[in-house]
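Sharing a structure, written as structure tokens. Questions coming.
Each reported figure results from applying straightforward, stated rules to the coordinates on display, with no laboratory input. Model, not experiment: these values are computed from the prediction. Here the Cβ positions follow ideal geometry from the backbone for every residue, glycine too, while neighbour counts run over all protein chains shown.
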Amino acid sequence: MPNDRKLYYVHDPMCSWCWAFRPVWKQIREQLPESITVQNILGGLAPDSHEPMPLEMQNQIRGFWKAIEGRVPGTQFNYDFWTNCSPRRSTWPACRAIIAARKQGVKFEEPMILAIQKAYYLEAKNPSDSEILSDLAESLGMDRTTFTDELNSVETQNHLDSEMQFSRQIGARGFPSLILMEGDHHQLIHFDYNDPQPALLQLR
């Protein structure tokens, strides 16, 4: 059967639910029918901001982390982030970092997503900071200067804008979202954070 179906994974590398979904998403990808190809789409959770995150929002996000740990056993968070870093409600830099990584080769996309997630959730580093993102890119073998130029370019932001717009057009209702496209028809795939089978049943 030809590859005539596409599964869009709409995500943000700094979305904590996307981090929780990572193990099951890996299992889904590994068991997909051969007729389905996968494409990542960046949803862009929070725009650029240099303002410190209000304490109330910090407490709210910490609460999300606690809720995720209860709902998706095995998901880990390093709460030192909230004391070691100056949190900002800004995920677009991390999203642009994925696009900048792709430009140096598609092989860098998935490693960059994981590197950002590990830096944020396990190593208490702030991927809202360009310097952190450039460090991660360099550690993965990318050219740092090229990456940094792409990270902050108008072209990269325009690319992110188009992906965010596309995610809304195909019906993403938050992050992560799985949307199957067959021709002009799109279908929202429902999934379980602890079990790949509900999504796979719909995709088969």
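If we count other beta carbons within 10 Å of each Cβ, what is the order of His159, His50, His186, fewest first?
In order of increasing Cβ crowding within 10 Å: His50, His186, His159.
Now a separate question. Please name which of Gln76, Ala97, Leu200 has its Cα lying farthest along the dipole of segment 5-203 towards the positive end, using unit charges on Cβ (Lys, Arg +1; Asp, Glu -1) and the Cα centre as origin.
Leu200
Also, quick follow-up: Which Cys residues of the chain have no other Cys beta carbon under 4.7 Å away?
Lacking a cysteine Cβ partner under 4.7 Å: Cys85, Cys95.
Now a separate question. Taking the chain as the reference, fit the longest principal axis to its C-alpha atoms, fit the long axis of helix 16-30 to the helix C-alpha atoms, and give the angle between the two in degrees, 0 to 90, nearest 10.
Taking Cα atoms only, the helix is inclined about 40 degrees.
Please order Val106, Val72 by the number of other Cβ within 10 Å, starting at the fewest.
So the residues, fewest neighbours to most, are Val106, Val72.
Extending each Cα 7 Å along its Cβ direction at Val106 and Val38, get the distance between those two points in nm, one decimal.
1.3 nm
By count of other Cβ within 10 Å, fewest leading, how are Asp184, Asp4, Asp135 ordered? The partial results should precede the final answer.
Working: Asp184 5, Asp4 11, Asp135 15.
Ordered from fewest to most neighbouring Cβ atoms within 10 Å, Asp184, Asp4, Asp135 come out as Asp184, Asp4, Asp135.
Moving to a separate point now. So, in Å, what gap is there between the alpha-carbon centers of segment 94-130 and segment 8-65?
12 Å
Next up: Determine the dipole magnitude for the chain: charges of +1 sit on the beta-carbon of Lys and Arg, -1 on that of Asp and Glu, nothing else is charged, the reference point is the Cα centre, and the result goes in debye to the nearest 20.
Magnitude of the dipole: close to 500 debye.
Angle, helix 55-71 long axis vs. longest principal axis of the chain, Cα atoms, 0 to 90°, nearest 10?
Around 40 degrees separate the two axes.
For segment 5-203, please report how many Lys pairs fall under 30 Å Cα to Cα, leaving out neighbours fewer than 8 apart on the same chain.
15
Mind checking which of Ala137, Ala67, Ala100 has the largest fluctuation in a GNM of the chain, springs on alpha carbons under 10 Å?
In this elastic network of the chain, the residue with the biggest mean-square fluctuation among Ala137, Ala67, Ala100 is Ala67.
Please build a GNM for the chain, connecting alpha carbons under 10 Å apart, and tell me which residue among Gln76, Gln104, Gln169 fluctuates the most.
Result: Gln169 has the largest fluctuation of those listed.
Next up: May I ask what percent, to the nearest 5, of DSSP beta bridges between residues of the chain are antiparallel?
Around 65 percent of the beta bridges assigned by DSSP in the chain are antiparallel ones.
Quick one: putting +1 on the C-beta of Lys and Arg, -1 on the C-beta of Asp and Glu, what dipole do you get for segment 1-84 around its Cα centre, in Debye to the nearest 20?
The calculation lands at about 320 debye.
Which residues' amide hydrogens lie under 5 Å from the amide hydrogen of Asn40, considering only partners 5 or more residues apart or on another chain, with H built in the peptide plane?
Answer set, sorted by chain and number: Tyr9.
What is the angle, in °, between the Cα long axis of helix 130-139 and the longest principal axis of the Cα atoms in the chain? Nearest 10 is fine, range 0 to 90.
60 degrees
Looking at the chain as a GNM with Cα springs under 10 Å, which of Arg173, Arg96, Arg88 has the largest mean-square fluctuation?
Maximum fluctuation in the GNM of the chain, among the listed residues, is at Arg173.
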